[in-house]
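Please read the structure below before turning to the comments.
Derivation of every value follows stated rules applied to the coordinates shown; laboratory data play no part. Note that the structure is predicted; figures quoted are calculated from it, not measured. As a convention, Cβ positions derive from the backbone with ideal geometry for all residues, glycine included, and neighbour counts pool all protein chains shown.
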Ligand code: PEP
Ligand code: MG
């Protein structure tokens, strides 16, 4: 037996034969042509045919994996109409007097290199999309059809990498798992695997001779076992059955209302760290995003993310959530989240130090850049903004002044924005104690139980020695939650919880009885919490 390790992008267990999926390499020769107009026409015709094929794939994907994941094929259709892309191809044909296939291949290389070198995971992943659309055109120009999976038994697909169009063309009933050498958590293979609810691993350096061999994919441990013995297969069959039963039970809840037996609706939202988590949020039936930790945009970057970079990220999330509420938290760095380029001085007690809103109110330009990006993105969906680590009404008033300045700047530049709800995180005991006053200033509260527990119990949440007494169920924390809900409701605010405690199903009923309006949890916890909500009966 051989064990290969990589990174899991979706959990689950698969047992079956491996098929190494290799694409027919498009061999593109450079040929001199006399009639460049004719080549341009060949390219134009192939482009139209590619768009037709993509429209067909969109319909197929829509039925199989839902609107959000099918959207990539609409994006591909739009990419085919991108003026820079078209211009590059026609320019190469005319200036070098070469065949259309060659011009497409060169443009594909140039553009995908450009995306691959970008300092942004999401944009880097787009390099695969450029290659994908270009290969489609080349195949059409060369009269080749798409490669499909043959054979009858469901298999584990091992590939170098998989393009979205390849993944969607595979017959889903024949795929047990995806295992790729390359690929990222942002890749569509990962996204589709999550949607299809099958295990997927990336970074698995499988040998070529694995083709046809039996393997076990453990999507929880991030491991593949090639040619396991009988005992191991039996052990994994049992694990797989338990996993299937549980997932099936939870999946049946998808699309069902997040309502208690007596009809109270709870907004069940997802916590995300970036654009790439949106697919998981939707696949798990999130009714909205309750916490987008925007600091990840800063943490993943080597320099301040620009207004445009941020705008694209927020706009993408807002668009993909298609009108559902997206609560984006402004930058919360400091304490456990340090960013080099912020050049922050050493602090003896960073958890109680220069962090989050304190930095933003001090470095107002950094704050304004983010607010401008957020307001611009608000024209594309239902964006709400929330501010972390609030301790006073004065802070909220100052924030609102800055927000007004930003709105005025956008008005002056005739830039559109939507109606944005403003809220604050309640994660300090101070905020809880003055929540009656704070509620008059904002539209909503979101309780950050991770920090609220830390500050209420005076226990550093990062200190492993104190893990055993870091207790979010502490009576003091629960009373603070109740107080926040009551004070919020008196002023018409909706109140949610976005700390880890929101996914603790042993407290779901307690929170609902307290009057909580919203619970925001990691995507994988949405269905378990929904299950719990639907069992609660407030009439009893
Ligand atoms: C919290 O403090 O509960 C919270 C949600 O914020 P973070 O964990 O990002 O500090
Ligand atoms: Mg916090």
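Using the basic label-point model (7 angstrom from Cα toward the beta carbon), what is the residue 430 to residue 338 distance in nanometres? Label-label distance for residue 430 and residue 338, simple model: 2.4 nm.
Exposure proxy ranking for 126, 355, based on other Cβ atoms within 10 angstrom of each Cβ and starting from the fewest, stands as 126, 355. If the segment from residue 205 to residue 44 were pulled out straight at 0.36 nm per residue, it would be longer than the present Cα-Cα gap by 54.0 nm. Once the Cα atoms are used to define both axes, helix 83-96 deviates from the longest principal axis of the chain by about 30 degrees. Peptide packing for 367-374, 483-490, 58-65 was compared via the average number of neighbouring C-beta atoms within 10 Å per residue; ordered from the highest value, the list is 367-374, 483-490, 58-65. Apply 1/(1 + (r/R0)^6) to the Cβ-Cβ distance of residue 354 and residue 95, taking R0 = 51 Å, and write down the FRET efficiency to the nearest 0.05. Computed FRET efficiency for residue 354 and residue 95 comes out at 0.40.
Between residue 476 and residue 440, what FRET efficiency comes out of the Förster formula 1/(1 + (r/R0)^6) with R0 = 30 Å and r the beta carbon distance, rounded to 0.05?
0.75
With contacts taken as Cα pairs under 8 Å and at least 6 residues apart, the chain reaches a relative contact order of 14 percent.
Taken along its three principal axes, the alpha carbon spread of the chain comes to 78, 67, 48 Å, from the longest extent down to the shortest. In the range 271-379, the inverse of the mean reciprocal separation of distinct Cα atoms equals 14.5 Å; this is its Kirkwood hydrodynamic radius. Ellipticity at 222 nm from helices only: DSSP H runs of n ≥ 4 in the chain, each -39500 (n - 2.57), divided by the residue count, give -14500 deg cm²/dmol. Here the range 416-438 is scanned for amide nitrogen atoms under 12 Å from the site 7 Å beyond the Cα of residue 458 along Cα-to-Cβ, giving none. Quick note on the range 5-85: its Rg to Rh ratio, both from C-alpha atoms and Rh being the Kirkwood radius, is 1.12. Note the angle between two axes, namely the Cα long axis of helix 230-251 and the longest principal axis of the Cα atoms of the chain, as a number of degrees from 0 to 90, rounded to the nearest 10. Helix 230-251 and the main axis of the chain meet at about 60 degrees. Extension gain, residue 74 to residue 416: 0.36 nm times the residue separation minus the Cα-Cα distance gives 120.6 nm.
In this structure, residue 62 and residue 123 have a Cβ-Cβ separation that, at R0 = 35 Å, corresponds to a calculated FRET efficiency of about 0.85.
Taken along its principal axes, the alpha carbon cloud of the range 323-467 reaches lengths of 53, 36, 28 Å, longest axis first.
For the range 28-145, build the convex hull from the C-alpha positions and give me its volume per residue in Å³. Don't skip to the answer; put the middle values down first.
Numbers: hull volume 11.4 nm³, N = 118.
Hull volume over Cα atoms, normalised by residue count, gives 96 Å³.
Between the Cα long axis of helix 121-141 and the first principal axis of the chain there is an angle of about 30°, rounded to the nearest 10. For residue 490 and residue 87, the difference between the fully extended length at 0.36 nm per residue and the C-alpha to C-alpha distance is 139.1 nm. Taking the average, over residues, of other Cβ atoms within 10 Å as the packing measure, peptides 468-481, 283-296, 383-396 rank 283-296, 383-396, 468-481 from highest down.
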